[in-house]
Amino acid sequence: MRKLKNSELNRLSVDEFKSSQKTRLIVILDNIRSLNNIGSVFRTSDAFLIEKIYLCGITAKPPHKDIHRTALGSTDSVAWEYREDTLQLVKELQENNVNVASIEQAENAVMLNKFNPQKGTTYALVFGNEVKGVQQEVVSASDYVIEIPQFGTKHSLNISVSAGVVIWDVFSKLAL
C-alpha cells in the first residue's frame, strides 16, 4: 500500500467546510487550561464537521499561537463562541431543544458504548477541566452523563483524547 499525498485526500476548503451540512453535534469546553488541548479539540471538531464549539470560563480563545499550533488552521473552519458561564449556556441550549451530555464519571452515567443518540436530534457534549472535570452544577443540569469505559489502572483520559473518542463514537452513530 502507498500512503496518500495530502493533495489526494480531497479535503474541503475552509469555505466549503463553512457551507457544508454539519453533524448535529456541539462541543462545550468547560474551563480547559491547556491551550494544546483546546487546539486539538478544534482539529477533531473539524474532522467530524462539528456544528460549533463553545469555549467557556477560563478556556482560552483563538487567536493564540499555542492553540494554533495544534489546531492547524481549524480555528478558521469550525464556528466557535466564547461564553463566561457554562451552566447558563447549557440552559440556553436545552431551551432550544439541544440535548446536553456531560462527559464524566458519575453515578448512573451511561457508558459510551451503550449511548444511543437519536438521529435528527442535536447533542452538546461537555468536556471538563483537566483536573476537576465538568463542574458539578453542569453535570447535574445535563440531560445525560456519558462515561468512557476504561479497563486499565488509570481513571481518566486526557481531555483531547476523550474528545476524540466521544466525538468519533457519537458521530459514527449519528452520521454513518
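Contact list please: Cβ distance under 7 Å, first residue in region 83-105 and more than 12 Å from Asp143 (Cβ to Cβ), second residue open to solvent by less than 70 Å² (accessible area, probe 1.4 Å) and part of a helix (DSSP H, G or I), pairs at least six apart or on different chains.
Arg83/Leu89; Thr86/Val138; Leu87/Val138; Leu87/Ala141; Ile103/Ser162; Ile103/Val166; Glu104/Val139
Restricting the first residue to region 51-77 and requiring it to be on the phi > 0 side of the Ramachandran plot and touching a residue at least 12 places away in the same chain (Cβ under 8 Å), which pairs with a second residue that is open to solvent by 20 Å² or more (accessible area, probe 1.4 Å) and of a type in the set (Lys, Arg) meet a Cβ separation below 7 Å and a spacing of at least six or different chains?
Going by the 7 Å Cβ cut-off, the qualifying pairs are Leu72/Arg43.
Only one of Glu92, Glu81, Glu147 is within 26 Å of His68 (Cα to Cα), open to solvent by less than 70 Å² (accessible area, probe 1.4 Å) and of a type in the set (Asp, Glu). Can you tell me which?
Exactly one of Glu92, Glu81, Glu147 is within 26 Å of His68 (Cα to Cα), open to solvent by less than 70 Å² (accessible area, probe 1.4 Å) and of a type in the set (Asp, Glu), namely Glu81.
Looking only at strands (runs of 3 or more DSSP E) that lie completely in region 78-142, which have at least 3 residues being of a type in the set (Val, Ile, Thr), in contact with a Cys (Cβ under 8 Å, 6 or more places away or on another chain) and under 17 Å from Lys52 (Cβ atoms)?
The strands (runs of 3 or more DSSP E) meeting that bar number zero.
For Lys114, are the conditions met, namely being without any contact (Cβ under 8 Å) to a residue 12 or more places away in the chain and of a type in the set (D, E, K, R)?
Here the answer is yes, as Lys114 does meet what is asked.
Counting only residues that are under 12 Å from the mean Cα position of the chain (by Cα) and either buried (at least 18 other Cβ atoms within 10 Å of the Cβ) or assigned to a helix (DSSP H, G or I) (or both), how many does region 33-75 have?
Residues flagged as under 12 Å from the mean Cα position of the chain (by Cα) and either buried (at least 18 other Cβ atoms within 10 Å of the Cβ) or assigned to a helix (DSSP H, G or I) (or both) within region 33-75 amount to 18.
If Val161 satisfies every condition in (1) within 17 Å of the chain's Cα centre (by Cα); (2) closer than 21 Å to Arg83 by Cβ; (3) open to solvent by 20 Å² or more (accessible area, probe 1.4 Å) but one, which is the exception?
(2)
Answer yes or no: is there a residue in region 156-168 that is of a type in the set (Gly, Ala, Ser), assigned to a loop (DSSP other than H, G, I, E, B) and within 25 Å of Ala47 (Cβ to Cβ).
The first filter runs over region 156-168 and keeps only residues of a type in the set (Gly, Ala, Ser), leaving 156, 160, 162-164.
Retained after the next criterion (residues that are assigned to a loop (DSSP other than H, G, I, E, B)): 156.
Of the ones still in play, those that are also within 25 Å of Ala47 (Cβ to Cβ) are 156.
Scanning region 156-168, I find at least one residue that is of a type in the set (Gly, Ala, Ser), assigned to a loop (DSSP other than H, G, I, E, B) and within 25 Å of Ala47 (Cβ to Cβ), so the answer is yes.
Does Asn10 satisfy being over 20 Å from Glu137 (Cβ atoms), part of a helix (DSSP H, G or I) and more than 12 Å from the chain's Cα centre (by Cα)?
No.
Please indicate, with yes or no, whether at least one residue in region 2-21 is touching a strand residue (DSSP E or B) at 6+ places or on another chain (Cβ under 8 Å) and either in contact (Cβ under 8 Å) with a residue 60 or more places away in the chain or of a type in the set (Val, Ile, Thr) (or both).
no
The values are calculated or read from the model by the stated rules, or taken from the named source; none is laboratory data. Remember, predicted model here, so these are calculated numbers, not experimental data. So basically every Cβ, Gly included, is an ideal-geometry build from the backbone, and we count neighbours across all protein chains shown. These accessible areas exclude ligands, DNA and RNA; they are computed on the full protein's heavy atoms, side chains included. Shrake-Rupley method; radii C 1.70, N 1.55, O 1.52, S 1.80 Å.
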